[in-house]
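Chemist: Below you'll find the structure I mean.
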Amino acid sequence: MTALQIIFLFVAAVTLASAVMVVSARRMMHAALWLVLSLAGVAVIFALLDAGFFTVVQVLVYIGAIAILIIFAIMLTRKAMEDVGPQLNRGWWLAALAAVGVFAGLAVVLVSWPGVNASAGAGPDANLIVTFGKDLVDPHKFVMPFEVASVMLLAALIGAIYVSVEHKGGQK
Amino acid sequence: MEDWLYIGLFVFISIALPAVAIFLAGLLSPKKPNPIKNTSYECGIETVGPSWVQFKAQYYVYALVFLVFDVETIFLYPWAVAYNQLTLFGVLEAVLFILILLSGLLYAWKKGALEWM
Amino acid sequence: MSFWTDPIAIIENLISGWLAGLGMGEGWITFILAFLGAAVYALVVMLFVVLLIWVERKILGRFQDRLGPNRIGPWGIFQTIADMLKIFTKEYITPNGVDKVPYNLAPMLAVAGVLAVWAVIPLGATIFGANLNVGVLYVVAIGALGELGIILAGWSSRNKYATLGGFRAVALLVSYEVPLVVTLLIPVLFSGSMGMNDIVFAQKSMWYIVLAPVAALIFLITSIAENGRAPFDLTEADSEIVAGFNVEYSGLKFGMYYVADFMHTFTIAFLFATLWLGGWLGPWAEKYPMLGIFYTTFKAWFIYFTILWLRGSLPRFRIDQMINLNWKVLTPLALVMLMLTAVVNHLIPAGMLVVRILALLALNGALLFVTGKLLDRFAGQTKRVVVALEPRPVARPEPVATESGTGV
Amino acid sequence: MIPLPWLLVFAAALFCIGLFGVLARKNLVAILMGVELMLNAVNVNLIAFWRYFSAAGEDSTRAWTFVAVVLVAAAAEAAVGLALIISVYRRRKTVVADELNLMKG
């Protein structure tokens, strides 16, 4: 076992444990903090896979923006969640059963899949970010996703602001 | 990979360093709590109601606009890195990208979402 | 290569040779070297803050026509050490009902969010932590730790002031991050790399402050705001509201916020020097990397003094002014600046440096001019809504009617 | 290098934990957090496949574009979802999924 594998196992264990805490913590704010730890773990795994750019983006977008947004939303809707009583549905065991079932199914499919024993590729060249940037605005490659992403962000912004800004004289 | 090892260690150390300092100071410092000392600080007045107050939705809107502009970095930074090797068309594509985002900002502005209330 | 041209590399070779002599594997040597390097670097930065607090107090004292610290040691230079010893022996007061783990974690994260930035700041041609190929984004991303530290402090203290102060602070921080992120694209765009050291190398022909002064200005303003320094210190405007998110902290836990604040200021100064003033570039800097440290520090010092100067001379903004400044001036300006700079810079063929400088300077001048005109035009139109109140009784010595009718 | 099955099993586990959160939690914000976990698992998978199966250069950027678009989708989903939750909370004073019955006024 190489050092890389040991680090991976450790990080994966922490990530999964904090993910479990996210779905089981009673206090919403604690769940959000566990979510932050879990997202950070995923960021480290990206770094282990030589995708440094996405490590940084994961921290920037998920921890810096989405987690903060979630924390704000928790604070805004706080009265309803005085953190008493069960935080799970009555049928939570059904959900657990479904999750375990899906996991078992995925595991079986993955292990029986012939491609699973592939060895790692050559690894990324140092200039991959440059190539990525070029391809993003190349009309023969990914200019569509590029522009669609900005339209999608625009739509999200307009929609979210429309919903969340209180209308003057609107129904309360 | 070596760079990332260094970064990981550096982040770990920059959390550990203040942690060690705080721990050491905890050993040195006196511990004499009493009920009055341990109450929440509210300028000498007794705390009324729950101390986790609810706050304005306005903060949420700022965070929202921030999120949108933050995600844009995923696309704009690689574009900026490749900038010197692009054609004019490639540059104009990104200008269009920014213009679309800018129109979102203008919408938020017109809607009054950016006002401090 | 003698000891004085590049001592870091020499020491590194020395240690790795010694470790190899002990029969260690390649991986362990890399690990130990990285660990030692990071630890020493972080420790030096932390200790530098001690000196810096004295400098800041001294300079600020002069700005305000006082002497500043002047009792302990020559020119009061050991004042911070005395203060440090004092704060080390202060009691930690943990109020009832705090959420223990986040409460204790928050000051550490606040420091870490600033300290970790130093991993990518180059001090000389060969003296840097890591020339990460996503360095600029890393600097922005690691700031999220600081935000998290503030939000945790505000929330876990279980105090109304702390909660409101914390969320107010974070709302301002995230707001100002938008123009910051957009402005940081400019050096990346010019140099074609996100690595900090590559950006410094690319400034050999011309410093970026000459090519994009407006971007540099926006960077300076937003990073001061991110730091929460005067004139943007309204998150902990101690003369108006209680200190904000860190109100329930005491002893060294409070001290950590203090350290983070001071360290942030001079981290900004170094970042500014690296991104806009050519970092360690200077005569013979490439041949003798140690000279680079001197150049960077000198340039950063200049910016640091400017920040202190602003702190000493400007009054505090109101929160609505601060929000308006960000969303209605800086953000649109930064976006327009980015688009125009990208297009204009692209139209000029490579190699024509003088033309490029002149064109970009003209563009920046025009941008500033138009912004100024627009601001003048709309200056009178944004009125703050003031609730009209009945005239309130004012406590002033009214003439009291006495029997003789003269009053007092 | 990390064996591919480890990565895939890890991603599957993360996905299923998220799924459990979505199905079992009462609070709408918690459901959204579950969705975020699932999207993260997707990204881990995408990056793993990129690392193992992409030939040098050619289709690397395709995987990266995919990941970037997933990130955008996650951000847009979080923004709109949380805005809706806040709006619902303003009208109904609850964010518990079971108590939201739109048929009753």
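Each value in this text was obtained by applying a stated rule to the coordinates, not by laboratory testing. Quick caveat, the model's predicted, so the values are computed rather than measured. Every residue, glycine as well, gets a Cβ built from its backbone with ideal geometry; the counts of neighbours run over all protein chains shown.
Chemist: Mind checking which residues of the stretch A:47-67 are farther than 18 Å from D:V69 by Cα and more than 10 Å from chain C (Cβ to nearest Cβ)?
Modeler: A:A47, A:L48, A:L49, A:D50, listed by residue number.
Chemist: Then there's this: Looking at the stretch C:147-185, which of its residues are in contact with a Leu (Cβ under 7 Å, 6 or more places away or on another chain) and either surrounded by fewer than 24 Cβ atoms within 10 Å (Cβ to Cβ) or within 30 Å of C:V336 (Cβ to Cβ) (or both)?
Modeler: C:E147, C:P179, C:V182, C:L185
Chemist: Tally the residues that are without any contact (Cβ under 8 Å) to a residue 12 or more places away in the chain, in a helix (DSSP H, G or I) and either closer than 21 Å to C:F31 by Cα or in contact with a His (Cβ under 8 Å, 6 or more places away or on another chain) (or both), restricting the search to the stretch A:1-32.
Modeler: Number of matching residues: 5.
Chemist: Just name the residue that is surrounded by the fewest Cβ atoms within 10 Å (Cβ to Cβ) out of those in the stretch C:135-146 that are farther than 20 Å from B:L64 by Cα and more than 8 Å from chain A (Cβ to nearest Cβ).
Modeler: My answer is C:V139.
Chemist: Taking the stretch D:13-31 only, how many residues are at the interface with another protein chain (Cβ under 7 Å from one of its Cβ atoms), part of a helix (DSSP H, G or I) and either under 18 Å from D:V95 (Cα atoms) or in contact (Cβ under 8 Å) with a residue 40 or more places away in the chain (or both)?
Modeler: 5
Chemist: Across the stretch C:345-369, what is the total count of residues that are without any contact (Cβ under 8 Å) to a residue 40 or more places away in the chain and exposed (fewer than 15 other Cβ atoms within 10 Å of the Cβ)? It would help to see each step written out before you state the result.
Modeler: Pass one, the stretch C:345-369, residues without any contact (Cβ under 8 Å) to a residue 40 or more places away in the chain: C:346-352, C:354-355, C:358-359, C:362-363, C:365-366, C:369.
Then drop every residue that is not exposed (fewer than 15 other Cβ atoms within 10 Å of the Cβ), which leaves C:347, C:349-352, C:354-355, C:358, C:362, C:365-366, C:369.
The total comes to 12.
Chemist: Identify all residues within the stretch B:66-117 that are over 17 Å from C:L189 (Cβ atoms), within 7 Å of chain A (Cβ to nearest Cβ), of a type in the set (A, V, I, L, M, F, W, C) and assigned to a helix (DSSP H, G or I); write none if there are none.
Modeler: Across the stretch B:66-117, the qualifying residues are B:F66, B:L67, B:V68, B:V71, B:I100, B:A108.
Chemist: Another question, if that's okay. Tell me which residues, restricted to the stretch C:164-199, are free of Cβ contacts under 8 Å to residues at least 60 places away in the same chain, within 11 Å of chain A (Cβ to nearest Cβ) and either within 17 Å of C:L338 (Cα to Cα) or touching a Ser or Thr at 6+ places or on another chain (Cβ under 8 Å) (or both).
Modeler: C:E177, C:V181, C:V188, C:G192
Chemist: I'd like the full set of residues that are of a type in the set (S, T, N, Q), over 17 Å from C:V259 (Cα atoms) and away from every other protein chain (no Cβ under 14 Å), limited to the stretch C:67-100.
Modeler: C:N70
Chemist: Right, something else. Restricted to the stretch D:62-98, and to residues that are assigned to a helix (DSSP H, G or I) and in contact (Cβ under 8 Å) with a residue 40 or more places away in the chain, which residue is nearest to D:M33 (Cα to Cα)?
Modeler: As a first pass, look at the stretch D:62-98 and keep what is assigned to a helix (DSSP H, G or I): D:62-92, D:97-98.
Filter once more, keeping what is in contact (Cβ under 8 Å) with a residue 40 or more places away in the chain: D:77-78, D:81-82, D:85, D:88, D:97-98.
Numbers: D:E77: 11, D:A78: 9, D:G81: 11, D:L82: 10, D:I85: 13, D:V88: 17, D:A97: 14, D:D98: 17 Å.
Ranking the qualifying residues of the stretch D:62-98, first place goes to D:A78.
Chemist: Would you be able to say whether some residue in the stretch D:38-48 is more than 7 Å from chain A (Cβ to nearest Cβ), more than 22 Å from A:V36 (Cβ to Cβ), small (G, A, S) and assigned to a helix (DSSP H, G or I)?
Modeler: So far as the stretch D:38-48 goes, no, none of its residues is more than 7 Å from chain A (Cβ to nearest Cβ), more than 22 Å from A:V36 (Cβ to Cβ), small (G, A, S) and assigned to a helix (DSSP H, G or I).
Chemist: Any chance you could count how many residues in the stretch C:167-208 are aliphatic (A, V, I, L, M), more than 22 Å from B:D3 (Cβ to Cβ) and in a loop (DSSP other than H, G, I, E, B)?
Modeler: Residues in the stretch C:167-208 being aliphatic (A, V, I, L, M), more than 22 Å from B:D3 (Cβ to Cβ) and in a loop (DSSP other than H, G, I, E, B): 1 in total.
Chemist: Out of the residues in the stretch C:299-334 that are under 14 Å from C:V214 (Cβ atoms) and surrounded by fewer than 21 Cβ atoms within 10 Å (Cβ to Cβ), which is nearest to the chain's Cα centre (by Cα)? Before the answer, list the steps.
Modeler: Restricting attention to the stretch C:299-334, the residues satisfying the condition of being under 14 Å from C:V214 (Cβ atoms) are C:329-334.
Filter once more, keeping what is surrounded by fewer than 21 Cβ atoms within 10 Å (Cβ to Cβ): C:329, C:332.
Numbers: C:V329: 21, C:P332: 22 Å.
If we take residues in the stretch C:299-334 being under 14 Å from C:V214 (Cβ atoms) and surrounded by fewer than 21 Cβ atoms within 10 Å (Cβ to Cβ), then C:V329 is nearest to the chain's Cα centre (by Cα).
Chemist: For the stretch C:309-359, which positions are within 15 Å of C:T183 (Cα to Cα) and of a type in the set (S, T, N, Q)?
Modeler: Keep residues of the stretch C:309-359 that are within 15 Å of C:T183 (Cα to Cα), which gives C:326-327, C:329-342.
Result: C:N326, C:T331, C:T341.
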